[in-house]
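Everything below concerns the one structure shown next.
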Amino acid sequence: MKNKTRYSIAELASAAGISRRAVRYYVQRKIIDPPCGGGRGSYYTEQHLQSILAHRAGMAEKAEHPSQASASMPPLERVLRIPPEERRGVGTALGAQDSRHGGNRGFGENLERFR
């Protein structure tokens, strides 16, 4: 008999120890299958939970240290791991225009902080 456990996105996230946004990210990146059903009636199964846990275990094995895991992330994803209070200047460090100071300010001086 199949396991018929159904999880809402919040329940799946809690069981996997991740955020709801991370669940959506995993679906978007095709790390896990989309939820079953559609709309408000969509649900996740034990297979989704096992896929997330297996993916996270694989990531942990690849990285001996958290900085190694973040080194493989695209720059924006690394920035999002920085606490909000420490993000000031991140946009200019990545080459964004700073309209307050007239142009591309801080590109070279702040870029090293995020590598």
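Since every read-out is calculated from the coordinates, none of them should be taken as a lab result. Fair warning: this is a prediction, and the values are worked out from it, not measured in the lab. Here Cβ is always computed from backbone atoms with ideal geometry, including for glycine, and neighbour counts include all displayed protein chains.
Can you list the residues, at least 5 places off or on another chain, whose amide H is less than 5 Å from the amide H of ILE32, using H built in the peptide plane?
VAL27
At what distance in nm do the modelled label points of ALA60 and SER8 sit from each other, each positioned 7 Å from its Cα along Cα→Cβ?
Simple spin-label model gives 2.7 nm for this pair.
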